[in-house]
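Taking it in order: structure first as structure tokens, then the write-up.
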Amino acid sequence: MTDSRNAADRTFPNGFLWGAATAAHQIEGSPMADGAGPSIWTRFAHTPGMTLNGDTGDVACDHYRRWKEDVKLMKELGLQAYRFSVSWSRILPEGTGRVNQAGLDFYSRLVDELLANGIEPLLTLYHWDMPAALDDRGGWLNRDCADWFAEYGQVMYRALDGRVKKWVTLNEPWVITDGGYLHGALAPGHRSRFEAPIASHNLMRAHGAAVQAYRAEGKHEIGLVVNIEPKYAATDSAEDAAAVKRAHAYMNEQYLDPALLGTYPPELREIFGEAWPEWPQADFDLIKQKLDFIGVNYYTRSVTKDAVSYPLNTGVVRQPSGTYTETGWEVFPQGLTDTLTWVKDRYGDIPMYITENGAAFFDPPVAEPDSTGQRRVRDPLRMDYLQKHIGAIHDAIQAGCDIRGYMVWSLLDNLEWSLGYSKRFGVVHVNYATQDRTPKDSARWYSKVIASNGKFL
Ligand SMILES: OC[C@@H]1[C@@H](O)[C@H](O)[C@@H](O)c2[nH]c(CCc3ccccc3)c[n+]21
């Protein structure tokens, strides 16, 4: 575990924010409690064949009921911050109009408990669980979604701004679009190269509208969270270089360019052809709003080659000497340093948080007691992954990137969307049969990293 570099060099800037991240549908359970309306994930997971083993978010980690115990656990681990998402359909069961006060009260209580325990909340407005009632009206394909989302944001800003000082509009518009509208692996499960660009563009319009609404109400910070996966050419051929440009434009530039530059990369028209609409300048004016930070979710890289594939005509080359996680992602910490310096070089010196980073490795379904009688989960591969990636962030800071914090994905083992409960990303183990929580070795190690502001690395 020791790193070749001097441990003293690994101290992070004063005030660096160490935390953990989750998302509503993945941990809360009780999706319809206290007047909540169904979301597209309630609907999708209950559609036969859509998730592994038919797993749903009906119980998940039962966080909706165990939230106080979970905040106590965060405190014991020494977390300074906690990134979570709000389930839109708890707040507005029909998506717009009537507010469900009981839903708002749940998040208000959670925020107060976090603050009482010295933990800063980072609130994500949208982490994939659109109210089903809005999907029935076209969802992200309906241009009215910008107004719907701004209305929801305004309800939350008025209720929580001041107690919540770091807001996120969307979590990963790329995944929402690629998974939900192009390949269909995620809710709402559409498969259309014509719908994907429309959903993607409307998501960014909604982001812009929600930021505009925040500027009218809010007094603190708001940003956008994107997943960035750096692309490396498999060979030095011109074909692979072109494939890298397509893949990079599609996954990485497609969201930060409109948000920060007010334009789309030209490769998107090449990729989507007739399916790529012409957008009015007014849309770009709405999308491009001043942001206080960018959240970067980083997990892996992809070594990319020219190939026949839909719609990118690219392929990913597995690395024979690589280490891979349970989700088939190569462990490549250098890719995080490269990602952070790329953001700085392309978009300027915008503050960044690593809003997600972590790995699924096999953990047993039950945490067994060790010789001391305490339940224990040994997860050396996850510890190694985290240590190397936190080190990679330090390298980016040394290279001049303004990185403000790190949220490990995830606090708890949880519902990995279509993969159900088969992948465990938590630094805290969840026994789904008993709902017992057991900090894994990685959590104990992370606590020391936080207490030493990185020096323990
Ligand atoms: O897959 C682990 C986590 C999810 O549990 C989070 O909800 C989501 O924000 C998130 N994003 C990514 C990286 C982007 C990605 C997601 C799904 C599939 C492939 C890539 C990994 N994760």
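In units of the compact-protein estimate 2.2 N^0.38 Å, the stretch 273-333 shows a Cα radius of gyration of 1.69. In plain terms, the chain from D441 to R378 could stretch by 22.1 nm, reckoned as 0.36 nm per residue minus the Cα-Cα distance.
Across all Cα atoms of the chain, the radius of gyration (one decimal) and Dmax (whole number) stand at 20.9, 66 Å. Dividing the radius of gyration of the alpha carbons in the stretch 178-279 by their Kirkwood radius gives 1.02 for Rg/Rh. Between the beta carbons of V308 and N53, assuming R0 = 45 Å, the FRET efficiency works out to 0.90 to the nearest 0.05.
Taking every alpha-carbon pair under 8 Å whose residues sit at least 6 apart, the stretch 80-210 reaches a relative contact order of 27 percent.
I need the calculated FRET efficiency for the pair R215 and D370, taking r as the beta carbon distance and R₀ as 45 Å, to the nearest 0.05.
Using R0 = 45 Å, I get an efficiency of 0.30.
Helix content alone sets the calculated 222 nm mean residue ellipticity of the chain: runs of n ≥ 4 DSSP H residues at -39500 (n - 2.57) each, divided across all residues, give -10500 deg cm²/dmol. Where both partners of a DSSP beta bridge lie in the stretch 20-139, what percent of those bridges are antiparallel, to the nearest 5? Taking every DSSP beta bridge within the stretch 20-139, about 10 percent pair in antiparallel fashion.
Just the number, please: percent antiparallel of the DSSP beta bridges in the chain, rounded to the nearest 5.
Counting DSSP beta bridges with both partners in the chain, the antiparallel share is about 20 percent.
When only Cα pairs under 8 Å and 6 or more residues apart are kept, what is the percent relative contact order across the chain? This gives 18 percent for the chain.
Once you compute Rg and the Kirkwood Rh from C-alpha atoms, what is the Rg to Rh ratio for the stretch 1-122? Ratio value, two decimals: 1.09.
Between K72 and T235, the FRET efficiency estimated from the beta carbon spacing at R0 = 56 angstrom works out to 0.60. If the reach is capped at under 22 angstrom between alpha carbons, list the lysines near K245, excluding any in the same chain fewer than eight residues apart. Correct list for K245: K231, K305, K344. Here the ratio of the Cα radius of gyration of the stretch 218-343 to 2.2 N^0.38 Å is 1.17.
Evaluate the relative contact order of the stretch 1-152 (contact order divided by residue number), counting alpha-carbon pairs under 8 angstrom at least 6 apart; express in whole percent. Averaging sequence separation for qualifying contacts and normalising by length gives 28 percent for the stretch 1-152.
Each reported figure results from applying straightforward, stated rules to the coordinates on display, with no laboratory input. Treat the numbers as computed from the prediction; the structure is a model and nothing was measured. Virtual Cβ from ideal backbone geometry, glycine too; neighbours counted across all protein chains shown.
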